[in-house]
Every structure is written in structure tokens, then in C-alpha cells.
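The values are calculated or read from the model by the stated rules, or taken from the named source; none is laboratory data. Just so we're clear, the structure is a prediction, and the values are computed from it rather than from any experiment. Here Cβ is always computed from backbone atoms with ideal geometry, including for glycine, and neighbour counts include all displayed protein chains.
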Ligand SMILES: Cc1cc2nc3c(=O)[nH]c(=O)nc-3n(C[C@H](O)[C@H](O)[C@H](O)COP(=O)(O)OP(=O)(O)OC[C@H]3O[C@@H](n4cnc5c(N)ncnc54)[C@H](O)[C@@H]3O)c2cc1C
């Protein structure tokens, strides 16, 4: 909590070049890009970083093959290039993965048409990934016996990418990188609205933990509050060309349905694409796409049944999936951009693009970020930096590369040290990957500090929370570096424990209280009770 309280004190000192409100993917990349290029940046979020939409995605970095149906080829091209760029720059975090799809007899498109579509998609993405492959029934039965082939015309495989850990951790890594470059960030600090006085924005904010109110001064204000962009603009008197409408999507996390490391793709009963996504020892299934009016959404009985029915209809499972198999649920709204003048009727809904838009008010030095995707995050960071520079904020290092994993030589040195100390011999027998690769992916160069901790005291390599992969020194690092304010921040976002372990098993896991003591000191019991009261 030290990092957070000292940052909250600093928020009130002096005038920042830029204050970013909202620490989802759009706010996090804006902070990482601007602080890396030399601006004096502050970032606040009313919840935890990535605590709203950005923790509810399908975890895909993808070109959006489905947008080809609405002929949005420009968007598909942009997203494919962004996906390629992420794969290149995050070799351990964003991985190419095969998508395995079947076509049922009587489907609305001829199979040849869909097969050709996968080649067009591959070409639009510059042929960067492995090429598509046609799969006759025999090949599907041999390679993926879990897929039902009764009403089957054919199958095919193509590539996209996915976030190996989880979306929320991916976002937090940008926040961490921003803080390493001088950004003053704090979670659980809500903006109550902002006013502009004598060329400076004064944002009134409230620390949601202590209740204390504060004022933050900045030359530029960036509204990156995701589904709340319109509400915040109202509170600060900003008018924009665009606004948001919302589409709800849910995912269910269930026991592993297939050991193969690929994403199964189906057309659900409503004709939309539907995924079975590997999540370590679990499987994540979804998603849905329902128009809603409020950013606050929840999984309904109808949503659950829709997902379970679609899975049971298309997979050969030993016994059908039921509600009792659900380990965790995810639910969020996609903030989609429309013109402020749009009526919001059905026609607008169908035509709506999934692109992001940044509305700029030059005279008040205000930016509003609408829409967007995790896939497109590097472009958002670069565009925001260019706009802020054009507003007169001096960026001392305009060409600084603010994203990407460290240079290959750092990774080689890490792996060399890991081999010399035989790090992988500490890998837990329950783990599905070696300790050396997991630690690198999660912490990159900070993993070198973890090696030093383990060399000094081998107990630091013991799994601390039984039933998870997390070792003692990771929790220590998390306490110092990851601004964990509530237990949920660690269990749901810095790690994905709450997504893959039943809540009763978490409660009973030996080692959880020791983890709380490391994270929260004398407040351990209070934070433990707060978490289990909130997930009851
Ligand atoms: C079901 C689903 C599946 C998706 N799948 C994918 C996918 O596979 N790939 C992909 O690329 N994209 C996907 N997306 C889209 C992507 O997740 C979102 O577009 C993106 O996360 C939006 O990020 P954001 O930063 O705009 O919003 P958010 O993540 O919601 O961030 C906004 C932040 O602002 C904070 N905030 C709000 N009001 C205030 C205030 N007054 N003061 C301070 N803070 C405030 C909130 O707490 C929140 O953390 C999916 C979305 C959904 C819902």
C-alpha cells in the first residue's frame, strides 16, 4: 500500500502535463506511451486497473475475421497488422494460436466461400501467420475427437493470437511500465468531474479507500473511462462528435474440455462466432453479443443456458456441461462508437464499426477515447501521444519505443542464469509449463530479481497458495510492484486464480493467509474477509 499512498500524495503536488482518467487498456497504453516519451503523467482509476471492461474480454489479439461479413475490410486489415505487431513485440505474452472451425450442413454460406474467406483473411494479414488448412472429416475426428461431426460438411484451421496470461495482467503491465517511467498512478481514485481554469484542468477526485477528496491539476485531460466516457464528459462539460452504445458479452470458465492447444470456433445457433478457448487447465467458452443500455451488466440464466446449449450441441462430452460445472463467469459490455447524432436504432447497430475514435477538443486540451480493442492498443498509445504533442506538451523522447518485451539479450541472460541454478527443478508437479518460462512471461526483466531471491532462500520457490502456480517470491514482488489494494486485485487481475480455481478451494487453500500477510501485513484478515464477503 506504500506505493499507492505515496502516489496519492504526489497527485496533489504541482501540475501534470497530462491526467488520464481510467486505467483500462486505453488509459494504460496512453500512460505508458506518454510517460515513456517524456511527459509528466498522472493516471487514476475509480476501481482497480483493468477492473471493468478490460478484464472481461475473450483474451484474443485478432484481426476480427467476423468483420469481413460486414465488409469492414479496412478494420480487418488494421487489426491484422496490430495483431502481427503484438506477436512480434510480445513473443512470450501474445502467442499465435490455431483456430479450428467446422462448417455444418445447411449453414448460410457455402463451405467453399468460407474456406476462401480464410485465405483472404490470411492475405489481408500479410501472410504473417501459418496458412489456413482444410480438414476433411477424418482429420477432424483424429485431431479433435471432442468435436461432433454428425451434421458436418468440413473443417478448417487458420491462425490468430491470444493473450497467454489474461487481459487484466496485460493491461497492468502497461501501467507498471508507465510507473517505471515516472507516471504517478493510483487505483481506487475516482474522478468526480473536472473544470478548466486559466488554461489548467482541475479534477476533483476521491480516494475510494479513505474517502479523502483531492484536486489534481493538469494541462491536458484524457477521458479514458471506457463505457463511462459520456458520463464523465457530461460531468466536465465536454461535448463530443461521438458517443457509446453497449453490447454485452459473457464467458463461462469450465473444466478443460480438450487437451489440444487450439481455439475451437463454431457458429452458434444465432449465427455468430462462438469460441472454446484454452485457459491453462481450464476452458473458457463464449461469447454472446446482446445490446444493452447500461454499462453495468450481469450474467443471466438465459445467457448461461445459451452458452451451455451451444457447447453441448457441438461437442462430444462424456456428460453434458451443466451449471454445476461452471468455475467462474465473466461479463462485460463492449463500448461501441456511434456518431452523437445517430439515432441508435437497429440499422445503426448492425452497421456499427468496432474501430476506436479519439475526439479532441483543442481549445480545452481534452481528449475522449471511444471504443477500441486490446488488439489495437499500440495504435491508441501512439495516436494519443501525437495529439498531446500537437497540443504543445513537449515530448523530450518522441521516438522512444514504449512497448514490447525487453531485448532478446536480456531474455537470454535470464534463461542462462535460470539454467545455472536449475530453476526448472522447482517447477510444481501440477504446473503445465516450466517455472522459467512462466516467470519470464509474467515479469520479464524483473524475473532476474526473483532468481536472486530464490538463490538466497530456496523457500522462495515454493508454491505458496496450494492449487495455484504462485510461488512465495512472486507474492513479495507483487506487494512491492503491483499496487495490490484489495485481495481481489491479486486473485482476479494480477493473477487469474479466481478464474480457474473454485472459490471454495481458494478459501480453503493452505497458504492463502500467508499470502495475505505478505500483501497486507496487519490488515491481512480484514482484506481476506472483505474479499470473501464480496464473492459470497
Ligand atoms: C465480452 C467482450 C469480449 C471482448 N473480446 C475482445 C478480444 O478478444 N480482443 C480485443 O481486442 N478486444 C476485446 N473486447 C474489447 C475490449 O475488451 C474493450 O474494448 C476494452 O477493454 C475497452 O477498454 P477501455 O480502456 O476503453 O475501457 P475499460 O477497460 O472499461 O476502462 C475504463 C476504466 O475507467 C474507469 N473509470 C470509469 N469512470 C471513472 C471515473 N469517474 N474516475 C476514474 N476512473 C473511472 C473504470 O473503472 C475502468 O477501469 C471485448 C470486450 C468484451 C466486453
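Please go through the range 30-47 and pick out each residue that is buried (at least 24 other Cβ atoms within 10 Å of the Cβ), assigned to a loop (DSSP other than H, G, I, E, B) and more than 6 Å from the ligand (Cβ to nearest atom).
Selection gives 37, 39.
Do you know which residues across the range 141-161 are closer than 27 Å to residue 128 by Cβ and in a loop (DSSP other than H, G, I, E, B)?
Result: 144, single match.
Name the residue that is farthest from residue 234 (Cα to Cα), counting only residues in the range 298-309 that are in contact with a strand residue (DSSP E or B) (Cβ under 7 Å, 6 or more places away or on another chain) and either more than 16 Å from the ligand (Cβ to nearest atom) or in a loop (DSSP other than H, G, I, E, B) (or both).
299
List the pairs whose first member sits in the range 310-334 and is part of a loop (DSSP other than H, G, I, E, B), whose second member is within 16 Å of the ligand (Cβ to nearest atom), and whose Cβ atoms are under 8 Å apart, counting only residues at least 6 apart or on separate chains?
326/252; 326/253; 326/304; 327/253; 327/499
If you scan the range 179-191, which residues turn out to be assigned to a loop (DSSP other than H, G, I, E, B), surrounded by fewer than 24 Cβ atoms within 10 Å (Cβ to Cβ) and away from the ligand (no atom under 11 Å from the Cβ)?
181, 182
Of all residues in the range 223-243, count the ones that are within 20 Å of the chain's Cα centre (by Cα) and more than 16 Å from residue 47 (Cα to Cα).
Of the residues in the range 223-243, 0 are within 20 Å of the chain's Cα centre (by Cα) and more than 16 Å from residue 47 (Cα to Cα).
Please state which of the following conditions residue 498 fails to meet, knowing it meets all the rest: (1) crowded, with 23+ Cβ neighbours inside 10 Å; (2) in contact (Cβ under 8 Å) with a residue 40 or more places away in the chain; (3) closer than 23 Å to residue 23 by Cα.
It is condition (1) that residue 498 fails.
Of the conditions (1) within 13 Å of the ligand (Cβ to nearest atom); (2) within 20 Å of residue 192 (Cβ to Cβ); (3) more than 14 Å from the chain's Cα centre (by Cα), residue 27 fails just one. Which one is it?
Result: residue 27 passes all but (3).
Inspect all residues belonging to the range 270-288 and state whether any of them is more than 30 Å from residue 428 (Cα to Cα), more than 12 Å from the ligand (Cβ to nearest atom), at pLDDT 90 or above and in contact with a strand residue (DSSP E or B) (Cβ under 7 Å, 6 or more places away or on another chain).
No, the range 270-288 has no match at all.
Go through the range 159-178 and count every residue that is within 27 Å of residue 124 (Cα to Cα), at pLDDT 95 or above, away from the ligand (no atom under 13 Å from the Cβ) and surrounded by fewer than 23 Cβ atoms within 10 Å (Cβ to Cβ).
0
Regarding the range 449-468, can at least one residue be identified that is touching a helix residue (DSSP H, G or I) at 6+ places or on another chain (Cβ under 7 Å), closer than 23 Å to residue 208 by Cβ and in contact (Cβ under 8 Å) with a residue 12 or more places away in the chain?
no
Taking the conditions exactly as written (closer than 15 Å to residue 323 by Cβ and surrounded by fewer than 19 Cβ atoms within 10 Å (Cβ to Cβ)), does residue 293 satisfy them or not?
Judged against the criteria, residue 293 is not a match.
Looking at the structure I just gave you, is residue 107 surrounded by 15 or more Cβ atoms within 10 Å (Cβ to Cβ) and under 18 Å from residue 310 (Cβ atoms)?
yes
Results for (1) out of contact with any strand residue (DSSP E or B) (no Cβ under 6 Å at 6 or more places or on another chain); (2) in a strand (DSSP E or B); (3) closer than 15 Å to residue 368 by Cβ, shown as yes or no for each residue.
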{"position": "203", "(1), (2), (3)": "no, yes, yes"}
{"position": "230", "(1), (2), (3)": "no, no, yes"}
{"position": "238", "(1), (2), (3)": "no, no, yes"}
{"position": "246", "(1), (2), (3)": "no, yes, no"}
{"position": "250", "(1), (2), (3)": "no, yes, no"}
{"position": "265", "(1), (2), (3)": "no, yes, no"}
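Starting from the range 235-259, keep only residues that are free of Cβ contacts under 8 Å to residues at least 60 places away in the same chain, then list their pairs with residues that are within 16 Å of the ligand (Cβ to nearest atom) whose Cβ atoms are within a distance under 6 Å, requiring at least 6 positions of separation or different chains.
Listed by first residue and then by second, the contacts come to 235/193; 256/283.
I need every pair where a residue in the range 118-137 that is farther than 18 Å from residue 73 by Cβ has its Cβ under 7 Å from the Cβ of a residue that is part of a loop (DSSP other than H, G, I, E, B), sequence separation at least 6 or different chains.
Close Cβ pairs satisfying both conditions: 137/149.
Take the residues in the range 62-96 that are modelled with pLDDT of 95 or more and not in a helix (DSSP H, G or I); name whichever of them is nearest to residue 210 (Cα to Cα).
Among them, the one singled out is 93.
Does residue 237 fit the bill of being modelled with pLDDT under 95, away from the ligand (no atom under 13 Å from the Cβ) and on the phi > 0 side of the Ramachandran plot? Write out each step before concluding.
Working: modelled with pLDDT under 95: yes; away from the ligand (no atom under 13 Å from the Cβ): yes; on the phi > 0 side of the Ramachandran plot: yes.
Yes; evaluated as a whole, the condition is true for this residue.
Restrict the check to the range 162-178 and report whether at least one residue is assigned to a strand (DSSP E or B) and touching a residue at least 40 places away in the same chain (Cβ under 8 Å).
Checked the range 162-178: at least one residue is assigned to a strand (DSSP E or B) and touching a residue at least 40 places away in the same chain (Cβ under 8 Å).
Quick one: which of 404, 372 is in contact (Cβ under 8 Å) with a residue 60 or more places away in the chain, part of a loop (DSSP other than H, G, I, E, B), within 23 Å of the chain's Cα centre (by Cα) and away from the ligand (no atom under 13 Å from the Cβ)?
Within the list 404, 372, the selection yields 404.
Within the range 342-356, does at least one residue satisfy the condition of being over 24 Å from the mean Cα position of the chain (by Cα) and within 16 Å of the ligand (Cβ to nearest atom)? Spell out the reasoning first.
First, pick out the residues of the range 342-356 that are over 24 Å from the mean Cα position of the chain (by Cα): 342-351.
Next, only the ones that are within 16 Å of the ligand (Cβ to nearest atom) stay: 349.
Within the range 342-356 (the criterion being over 24 Å from the mean Cα position of the chain (by Cα) and within 16 Å of the ligand (Cβ to nearest atom)), the answer is yes, since at least one residue qualifies.
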